[in-house]
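Read through the structure below, which is laid out as structure tokens, and then see the notes.
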Amino acid sequence: MANAIELKKINKIYGDKVKTQALFDIDLKIEKGSFVSIIGQSGSGKSTMLNIIGTLDNPTTGEVLIDQIRTDKLNKKELSKLRNEKIGFVFQFHYLLPEFNALDNVLMPYKIKKQKITPEIIERAKKLLDEVGLEGKHKKLPSTLSGGQQQRVAIARSLMNNPSLILADEPTGNLDSVSTNNIYELLREINQKNKTTLIVITHDRKVAERADRIIEIKDGKIEMDVKK
């Protein structure tokens with residue numbers, strides 16, 4: 001199967017006078033449609049690697065390929081276009097806008113790009129909210145939703161542009177065990193139904209074991225890479 005992501009000899013160094021190396025010669029291939037968890041302690045480099053995969057940060061050296069496109073060679077405009085077309089993000093903090101209801105939050109990628117929001121786009125947003133289990137809650141403000149429901153809105157928002165890749169950084173870090181289980185069941189369903197490549201950062205090994213592949217990062221290096 002073709003690779004959704006390929007990292008070649010990725011190094012990341014922060015600082016000018018005082019240098020700190022976060023990643024060391026990372027080589028990694030992730031197949032399209034796979035569900036991968038990346039684990040590691042705080043400061044291990046796992047979030048740095050996810051940010052580089054998501055084009056939110058650049059490697060100091062090395063090559064990053066998404067769908068065989070060299071992202072480390074793209075300019076800001078090209079990177080923005082690639083992110084909008086291919087990548088959906090889900091973070092630990094859902095970053096919903098409190099003054100907007102659930103539907104408007106899901107539509108936010110279109111509002112930010114100042115694209116015309118057609119009836120078809122609105123229907124897609126409503127359908128996504130229904131698919132993540134929020135039927136009848138389209139007009140609810142985030143403050144009236146539970147933590148798990150707010151994260152479901154964030155997941156629906158991440159799917160709005162039909163991304164081929166979803167990157168989730170500790171998506172259940174602030175949720176209770178029941179909500180955590182529900183969110184991961186939902187992510188698995190999205191992965192299987194849409195063949196979306198899914199990469200999840202987590203510090204919880206029990207959560208990581210839900211994935212098809214577990215990659216452990218330690219001191220900026222790949223310590224373990226296990227396919228189930």
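The figures follow:
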read-out: Failed item, numbered, when residue 61 is tested on (1) free of Cβ contacts under 8 Å to residues at least 40 places away in the same chain; (2) open to solvent by 60 Å² or more (accessible area, probe 1.4 Å); value: (1)
read-out: Residues located in the range 21-56, provided they are of a type in the set (A, V, I, L, M) and assigned to a strand (DSSP E or B); value: 22, 23, 26, 28, 30, 36, 38, 39
read-out: Scope the range 163-176; condition within 11 Å of the chain's Cα centre (by Cα) and buried (at least 23 other Cβ atoms within 10 Å of the Cβ); matching residues; value: 166, 167, 168, 171
read-out: Qualifying position, being at pLDDT below 85, in contact with a His (Cβ under 9 Å, 6 or more places away or on another chain) and charged (D, E, K, R), among 131, 185, 170; value: 170
read-out: Matching residues, the range 66-91, being touching a strand residue (DSSP E or B) at 6+ places or on another chain (Cβ under 7 Å), crowded, with 16+ Cβ neighbours inside 10 Å and not in a helix (DSSP H, G or I); value: 66, 67, 87, 88, 89, 90, 91
read-out: Neighbours by Cβ (under 7 Å, 6+ apart or cross-chain): first from the range 160-186, without any contact (Cβ under 8 Å) to a residue 24 or more places away in the chain and farther than 24 Å from residue 122 by Cα; second outside any loop (DSSP other than H, G, I, E, B) and open to solvent by less than 60 Å² (accessible area, probe 1.4 Å); value: none
read-out: Index of the failed condition, residue 144 passing every other in (1) β-branched (Val, Ile, Thr); (2) closer than 25 Å to residue 217 by Cβ; (3) out of contact with any Leu (no Cβ under 8 Å at 6 or more places or on another chain); value: (2)
read-out: Checklist (1) aliphatic (A, V, I, L, M); (2) in contact (Cβ under 8 Å) with a residue 60 or more places away in the chain; (3) part of a loop (DSSP other than H, G, I, E, B) applied to residue 18, failing item; value: (2)
read-out: Filtered residues of the range 146-162 (kept if part of a loop (DSSP other than H, G, I, E, B) and open to solvent by 30 Å² or more (accessible area, probe 1.4 Å)); value: 146, 161, 162
read-out: Test set (1) in contact (Cβ under 8 Å) with a residue 40 or more places away in the chain; (2) open to solvent by 50 Å² or more (accessible area, probe 1.4 Å); (3) of a type outside the set (Lys, Arg); (4) not in a loop (DSSP other than H, G, I, E, B) - residue 97 fails condition number; value: (4)
read-out: Verdict on residue 135 being more than 19 Å from residue 98 (Cβ to Cβ), open to solvent by 30 Å² or more (accessible area, probe 1.4 Å) and part of a loop (DSSP other than H, G, I, E, B); value: yes
read-out: Test: residue in the range 117-125 that is part of a helix (DSSP H, G or I), at pLDDT below 85, out of contact with any strand residue (DSSP E or B) (no Cβ under 7 Å at 6 or more places or on another chain) and among the basic types (Lys, Arg); value: no
read-out: Boolean, residue 191 is among the polar types (S, T, N, Q), without any contact (Cβ under 8 Å) to a residue 24 or more places away in the chain, surrounded by 13 or more Cβ atoms within 10 Å (Cβ to Cβ) and not in a loop (DSSP other than H, G, I, E, B); value: no
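Conditions (1) at pLDDT 95 or above; (2) within 20 Å of residue 85 (Cβ to Cβ); (3) open to solvent by 40 Å² or more (accessible area, probe 1.4 Å), marked per residue:
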| site | (1), (2), (3) |
| --- | --- |
| 8 | yes, no, yes |
| 15 | no, no, yes |
| 32 | no, yes, yes |
| 44 | no, no, no |
| 51 | no, yes, yes |
| 56 | no, yes, yes |
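The values are calculated or read from the model by the stated rules, or taken from the named source; none is laboratory data. Not measured: the values here are computed from a predicted model. Virtual Cβ from ideal backbone geometry, glycine too; neighbours counted across all protein chains shown. Note: areas computed on protein heavy atoms with side chains; ligands, DNA, RNA excluded. Shrake-Rupley method; radii C 1.70, N 1.55, O 1.52, S 1.80 Å.
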